[in-house]
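Working notes, structure below.
The values are calculated or read from the model by the stated rules, or taken from the named source; none is laboratory data. Note that the coordinates shown come from a computational prediction; the quantities given were computed from them, not determined experimentally. Note that each Cβ is placed from the backbone with ideal geometry, even for glycine, and that neighbours are counted across all protein chains shown. Accessible surface is based on the protein model in full, side chains and every heavy atom, while ligands, DNA and RNA are left aside. Shrake-Rupley method; radii C 1.70, N 1.55, O 1.52, S 1.80 Å.
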Amino acid sequence: MMDFIIGHYNYWIVIVLMMVGLYTVISRGNLIKKIIGLNIFQVSVFFLYISLGTVEGGAAPIIAEGVKVYSNPLPHVLILTAIVVGVATTALALALVVRIKESYSTIEEDEIHNLDHSL
Amino acid sequence: MIDIVIDITLLAFLAITSVAIVRMTNLFAIVMLFGIFSLLSAGLFVVMDAPDVAFTEAAVGAGISTVLMLATLALVKKPREPFYNEAPHAHRAWLSLVVVAVTGAALVYGTWDIPRFGDPDAPAQTHVARYYIENALPETGVPNIVTAVLASYRGFDTLGEVAVIFTAAVAVLLLIGGRRSKPAVEKKDKREQDEA
């Protein structure tokens with residue numbers, strides 16, 4: 001049982017972080033805060049992938065003399081790409097927030113709903 | 001052992017920071033806390049043997065994201081108010097709590113089948129990863145395997161990534177580039193067209 005906890009606590013805390021991000025996205029009406037919640041969720045997914053690639057006693061995947069065990073480099077490659085794409089989507093979302101502010105002069109979801117009868 | 005202690009400490013800090021982000025209403029403080037969150041996660045990536053990811057997260061996540069969010073905050077902030085405070089939300093908290101709890105429980109149930117953290121015999125470690133670790137240096141001459149895969153084996157993927165970033169940049173420019181220079185009348189016409 002203790003072994004199981006030591007072996008899995010990492011995943012559980014990552015899931016807690018993920019759920020905090022999801023909660024922020026669902027329950028908060030402010031659009032910037034929603035985007036930050038989405039980013040928290042995204043970073044926890046990165047943790048999940050990097051955790052899966054970690055090897056006990058392994059070194060960073062850079063070939064060096066006298067190192068036998070390396071961590072799995074493939075999740076690192078995936079997540080490097082994901083981080084950069086994540087920033088691109090964040091920038092796009094923030095640009096949409098600026099446009100919403102120009103059109104509705106508010107970035108609170110409830111107020112936008114009250115203003116726009118088509119929603 | 002020391003690895004586990006550092007790991008738990010950083011994860012605890014991350015959890016505290018994220019809960020603080022949910023509970024605060026001052027958006028400037030929230031954006032700053034998000035920068036701290038990104039920096040802590042960069043530290044955690046180093047502990048989990050991923051220095052390349054840590055560099056990227058520290059530069060792009062803690063740096064560029066925070067700057068972008070601060071810039072947005074400056075644009076949407078009400079004039080003559082020093083801080084932007086989030087409006088009190090009308091949603092029922094318990095409903096989202098239930099949704100989050102159920103999703104979290106399902107995900108924790110899913111971890112039962114995941115191999116133990118750091119297991120060298122996990123399926124993820126025994127298939128293609130070994131090929132890259134053994135052959136990356138002789139085949140590409142690059143000692144950093146992550147760079148070798150990113151720039152050599154999967155070079156076209158990286159090209160596609162550049163295309164994604166280019167698309168996002170074009171979209172951002174189309175959305176907000178040069179909009180503020182247009183006169184107000186034209187903007188009103190545009191909105192009437194949209195409504196029609």
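Structural remarks
- Cut-off of 10 Å, at most 15 other beta carbons, DSSP loop: longest stretch of chain A lacking such GluC sites (Glu not before Pro): A:1-55
- Computed E for B:ILE4/B:LEU175 - FRET, C-beta separation, R0 45 angstrom, nearest 0.05: 0.50
- Karplus-derived 3J(HN,Hα), 6.51/-1.76/1.60, for each residue of segment A:41-54, Hz, glycine and proline x: 4, 4, 5, 5, 5, 4, 4, 4, 5, 5, 4, 5, x, 6
- Coordinate range along principal axes, alpha carbons of segment B:63-176, Å, largest first: 62, 41, 23
- Ranked by the mean number of other Cβ atoms within 10 Å of their residues, highest first, the peptides A:85-93, A:5-13 come out as A:85-93, A:5-13.
- Other residues whose C-beta falls under 15 angstrom from the C-beta of A:ILE83 contribute a net charge of -4, scoring Lys and Arg +1 and Asp and Glu -1.
- Where B:PHE55, A:PHE41, A:PHE47 fall by accessible area, highest first, once all protein chains stay in place (1.4 Å): B:PHE55, A:PHE41, A:PHE47
- These residues, B:ASP3, A:ASP116, go from largest to smallest accessible area, 1.4 Å probe, as B:ASP3, A:ASP116.
- Binned Cα-Cα distances of the protein assembly as shown, short to long, each 20 Å bin given as a whole percent: 29, 52, 18, 1
- As a calculated quantity, the FRET efficiency between A:LEU96 and B:ALA163 at R0 = 30 Å, using C-beta atoms, amounts to about 0.90.
- The mean number of partner chain beta-carbon atoms within 10 angstrom of a residue's beta-carbon across peptide B:150-161 is 2.
- The protein assembly as shown - percent of accessible surface contributed by carbon and sulfur, probe 1.4 Å: 69
- Total accessible area lost when B and A pair, probe 1.4 Å, Å² to nearest 100: 7700
- Computed from point charges on the beta carbon alone (+1 for Lys and Arg, -1 for Asp and Glu), the dipole magnitude for chain A about its Cα centre is near 140 Debye.
- Among the lysines of the protein assembly as shown, pairs at least eight places apart or on separate chains and with Cα atoms under 28 Å apart come to 23.
- Projected label distance in nm at A:GLU111 and A:TYR9, using a 7 Å step from Cα toward the beta-carbon: 4.4
- Quick note on segment B:2-141: its Rg to Rh ratio, both from C-alpha atoms and Rh being the Kirkwood radius, is 1.08.
- According to the Kirkwood relation over distinct C-alpha pairs, the hydrodynamic radius of segment A:2-115 is 16.7 Å.
- For peptides B:156-163, B:95-102, B:8-15, B:58-65, sequence by mean Cβ density within 10 Å, most packed first: B:58-65, B:8-15, B:95-102, B:156-163
- Protein-protein interface of segment A:14-28, residues with accessible area decrease of at least 30 Å², isolated chain reference, 1.4 Å probe: A:ILE15, A:LEU17, A:MET19, A:VAL20, A:TYR23, A:ILE26, A:SER27, A:ARG28
- Per-residue SASA remark: B:ILE176, around 40 Å² accessible (1.4 Å probe; ligands, DNA and RNA not included).
- Heavy atoms of A:LYS33: accessible area, 1.4 Å probe, square angstrom to 10: 0
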